[in-house]
1. Which angle between 0 and 90 degrees, to the nearest 10, do you get for helix 2-49 versus the longest principal axis of the chain when only C-alpha atoms count?
2. Which three extents, in whole angstrom, do the alpha-carbon atoms of segment 22-61 cover along their principal axes, largest first?
3. Express in nm, to one decimal, how much length is gained between Ala6 and Phe39 on full extension, taking 0.36 nm for each residue of separation and deducting their alpha carbon distance.
Amino acid sequence: MTGRRARTFLADTAAVVRSDERLILLFLLLLSLAALAVFLHYTTLVLEGLPDPVPGEPFGP
């Protein structure tokens, strides 16, 4: 009986760890999406702040 209880306890513990790992992975995914949104936002702000290029002759031969 004690062997079965130990196995059940270990299986329950493993399930809790798996759910915690999934929660951490979800948090990291959301954090990376937020970081990507901030990066794109500031990139567009910088690019919009650049002056327009002076029109001239096209480059190349």
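1. Compared with the principal axis, the helix lies near 10 degrees.
2. The Cα atoms of segment 22-61 stretch 57, 24, 5 Å along the principal axes, largest first.
3. Result: 7.0 nm gained on full extension.
All of the numbers you see were taken from the coordinates with simple rules; none came from a lab. Everything numeric here is computed off the predicted structure, so don't read it as measured data.
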